[in-house]
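See structure below.
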Amino acid sequence: YCVCMLSGVTIFAQVPTKPLSPPLVTDLYSADPSAHVFDGKIYIYPSHDIDAGVPENDNGDHFDMRDYHVYSLEAPGKKIRDHGVALDIKQVPWTGKQLWAPDAAVRNGTYYLYFPAKDKQGVFYIGVATSKSPAGPFRALPEPIKGSYSIDPCVFTDDDGTSYMYFGGIWGGQLQRWRTGQYDSAGVLPQDQEPAIGPRMAKLTNTMTEFAEPVRELKIVDTAGKELLNGDNNRRFFEAAWMHKYNGKYYLSYSTGDTHLICYATGDSPYGPFVYRGVILKPVLGWTNHHSIIAFKGKWYLFYHDSTLSGGKTHLRNIKMTELKYNADGTIQTISPYLD
Ligand code: FUB
């Protein structure tokens, strides 16, 4: 196959024949895998892709998902287990459509599933559902999280037990409509020479269902301390924020969207600022790139997706995993998703 970057668009001339990793799930389409270690096992919280027949557009209307399945793995390489439908859009009173990339967390024996969806007016918010089991089923709270907006929640719990939510995504994820802090359906991106829109974050209360503080915008800067610009499409934040900690440093990773990279920036606090460090994952087959990173039994793993199972259909993806390696200086080795 060949990969060409034309005007920032990656084109795979044909489906790659030598993927680095096989799909983890082959009987359903799955995407946006958020992985966690709960009860000594790996649990994966992906989107459940379906072919809803909605034409593809820049708003991502073709991602018209309606439920979530939770998966578990005893260990990498073992058979994956599908725990069935964990939450259905019909069970969430405030939603209209589009269950996008979820995440999960645990506190005091209760598991929390965080999910973005459009409300009945077509505005993305982030909801939460609870269960006594990491596999669900989950029961949704009647309203989205107060003060939340946009998409792609990631909940990170620090060593001191404090949990933070990172979220947001531009274009179809609507983050550009919240630049003033209020929803503005006419909201647009900054000019190319202005700082890019940053991901949002807030500390969660101990109930894990509310923000404990006002939402902040994170700063991603270059090594000279200058904020990444909106026109810096190869490095600026687009969607899919993920937070992990390695050797005392906070690693914010994210998708660059229209340049199809997973890259990362590091900082000394969960609030940043974060200094851009490089690319974790090169473009995959399909438009979106979305990932998570966990440690399991002394090794680190990247969970990601591509569209090999559907022969390249962007809205019909499949989740994958591979080992992730650090260099001695804490930088992450770039992963190529295909060997040919
Ligand atoms: O799966 C729907 C959307 O596509 C996610 O929320 C984005 O991160 C992108 O992967």
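The values are calculated or read from the model by the stated rules, or taken from the named source; none is laboratory data. In this text, all values refer to a predicted model and were calculated from it rather than measured experimentally. Glycine gets a Cβ as well: all are built from the backbone with ideal geometry, and neighbour counts include every protein chain shown. Surface accessibility is based on the protein's heavy atoms, side chains included, excluding ligands, DNA and RNA. Shrake-Rupley method; radii C 1.70, N 1.55, O 1.52, S 1.80 Å.
Quick notes
- Within-15-Å neighbourhood charge of GLY231 [Cβ basis; K, R +1; D, E -1]: -3
- Among beta bridges from DSSP that stay inside the chain, the antiparallel ones total about 95%.
- Counting only protein heavy atoms and using a 1.4 Å probe, the accessible area of MET201 comes to about 0 Å².
- 15 Å beta-carbon shell around TYR149, net charge (K/R +1, D/E -1): -1
- Derived scalar couplings ³J(HN,Hα) [the range 202-217; Karplus, 6.51 cos²θ - 1.76 cosθ + 1.60; whole Hz; x for Gly, Pro]: 7, 5, 9, 6, 5, 6, 6, 10, 9, 7, 8, 7, x, 5, 10, 9
- Sequence-separation-based contact order of the chain, relative, with Cα cut under 8 Å and 6+ spacing, percent: 16
- Each residue of the range 32-44 was assigned a 3J(HN,Hα) from its phi angle through the Karplus curve 6.51 cos²θ - 1.76 cosθ + 1.60 (θ = phi - 60°); the sequence is 6, x, 9, 9, 8, 9, 10, 6, x, 10, 8, 10, 10 Hz, with glycine and proline shown as x.
- Ranking LEU175, LEU24 by solvent-accessible area of protein heavy atoms (1.4 Å probe, all protein chains present), from largest to smallest, gives LEU24, LEU175.
- Positive-end residue of SER253, ALA265, GLY312, charge dipole of the range 206-340 with Cβ unit charges: GLY312
- Dipole moment magnitude, nearest 20 debye, the chain about Cα centre, only Lys, Arg, Asp, Glu C-beta charged: 620
- For the chain, the longest site-free run once GluC sites (Glu not before Pro) in DSSP loop states with at most 13 other Cβ atoms within 10 Å are removed: 75-340
- The label-point distance for GLU213 and LYS299, in a model that sets each label 7 Å from Cα toward Cβ, rounds to 3.7 nm.
- The range 122-150 residues near the modelled SER185 label - backbone nitrogen below 16 Å, point 7 Å along Cα→Cβ: 122-125
- Accessible surface, per residue, of the range 151-231 when the full set of protein chains is kept, probe 1.4 Å, Å²: 45
- Contour minus Cα-Cα distance for ASP160 and VAL15 (0.36 nm per residue): 47.7 nm
- Local charge for TYR264 was computed over the other residues whose Cβ lies under 11 Å away, with Lys and Arg +1 and Asp and Glu -1, and equals +3.
- Surface composition of the range 117-157: carbon and sulfur make up 55 percent of the accessible area, probe 1.4 Å.
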